[in-house]
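What follows is a short report on a single structure.
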Amino acid sequence: MKGYEPIMSFDEASAEVYDDLVQRGDEDATVAFLAELADGGPALELAIGTGRIALPLAATGVRVDGIDFSPPMVAKLRAKPGGDAMDVTMGDFAAVGVAGTYRLIYVVFNSFFNLLTQDDQIRCFQNVAAHLGDDGSFVIEGGCTLSFIDHLRAGQYVDAEGIAVDAVRFDLLRLDPSTQILYENHVRVSHDGVSFNPVMQRYAWPSELDLMARIAGLRLQERWGGWNRQAFTANSDNVVSVYRK
């Protein structure tokens, strides 16, 4: 996507509407799943963002630290109750630039795939492994599925995300299988004008994630089709993978 920079996906305008757009109804299940694995913590969230998951997880008694590269997203986190108390490192989460080890390290909502090269994705796995306790877990939500591919037509789609009397929001997406790059733009049209929220990701099949984990010295322990531990099948529209040493 010509002219794209990753911060464009998480700038001030995006941070302002992010929490309203990403509510899916599985947040409580996500927090319960992670809290069980954390078993008291500590936990580290990669791409912590506005704290959509980190704050309710911390409310269970788990100490949650975070990494993020977007000042506007972290400012939203800081403005929420409990957000000021969190230790957030600003920077590239592939570097996992923190001290110490964690019982749980996790990345949700396809954020792992914001790393746009296979090398960076492997580097993330390796750095996570270096900061994971011997009994710790690394959890990744996301991965390419047949359900997602079946949603496409000729490698692309246009979806209506919201329709109101005075505004519409739609999602345009195209895949390049040769590079495993996903190009996406969320477009809002209203009386106020047109706004764009571009996104690029490097998608991966679950089997590729497993190989990256093995390179880093981790092994797949569990894989589910969602946060309620539903079975992962060819028809699953989500992937939750748990890796351990």
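Here are the numbers:
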{"quantity": "Residue-span extension gain [D120 to A59] - 0.36 nm each, minus C-alpha spacing", "calculated": "18.8 nm"}
{"quantity": "Gaussian network model of the chain, Cα within-10 Å springs - most flexible of T60, T117, T101", "calculated": "T60"}
{"quantity": "Sorted by Cβ density within 10 Å, fewest first, the residues V165, V88", "calculated": "V165, V88"}
{"quantity": "Prolate/oblate/rounded label for the stretch 1-46 (Cα gyration tensor, a/c 1.5)", "calculated": "prolate"}
{"quantity": "Full-stretch length increase - D134, V187 - with 0.36 nm per residue and alpha-carbon distance subtracted", "calculated": "14.6 nm"}
{"quantity": "20 °C / 1.002 mPa s Stokes-Einstein diffusion coefficient of the stretch 147-200, Kirkwood radius on C-alpha pairs, µm²/s", "calculated": "177"}
{"quantity": "Most mobile listed residue (S190, S111, S207) in the chain, GNM with C-alpha springs under 10 Å", "calculated": "S190"}
{"quantity": "Efficiency of FRET from Cβ geometry, A99 and D159, R₀ 51 Å, rounded to 0.05", "calculated": "0.75"}
{"quantity": "The stretch 1-88: trypsin sites (Lys or Arg not before Pro) in DSSP loop, at most 16 other beta carbons within 10 Å", "calculated": "K2, R24"}
{"quantity": "Residue-span extension gain [T233 to H151] - 0.36 nm each, minus C-alpha spacing", "calculated": "27.9 nm"}
{"quantity": "The stretch 9-99: C-alpha gyration tensor shape, a/c 1.5 cut-off, then a/b vs b/c", "calculated": "oblate"}
{"quantity": "Residue exposure sequence - V98, V240 - by fewest surrounding Cβ within 10 Å", "calculated": "V98, V240"}
{"quantity": "Sites D28 and T179, calculated FRET efficiency, Cβ-Cβ separation with R0 41 Å, nearest 0.05", "calculated": "0.65"}
{"quantity": "Cα principal axis extents for the chain, largest first, Å", "calculated": "53, 40, 34"}
{"quantity": "Radius 9 Å from Cβ of H186, net charge of other residues (Lys, Arg +1; Asp, Glu -1)", "calculated": "-1"}
{"quantity": "The stretch 113-245 - convex hull of alpha carbons, volume per residue in Å³", "calculated": "137"}
{"quantity": "Relative contact order (percent, whole number), the chain, Cα cutoff 8 Å, 6+ residue spacing", "calculated": "18"}
{"quantity": "Evaluated over the stretch 68-166, the Cα radius of gyration and Dmax, each in Å", "calculated": "17.4, 55"}
{"quantity": "Environment charge at W224 (Cβ cut-off 13 Å; Lys +1, Arg +1, Asp -1, Glu -1)", "calculated": "-3"}
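The numbers here are math on the coordinates, done by the rules we state, and not lab data. Predicted model, so just to flag it, every value in this text is computed and none were measured. Every residue, glycine as well, gets a Cβ built from its backbone with ideal geometry; the counts of neighbours run over all protein chains shown.
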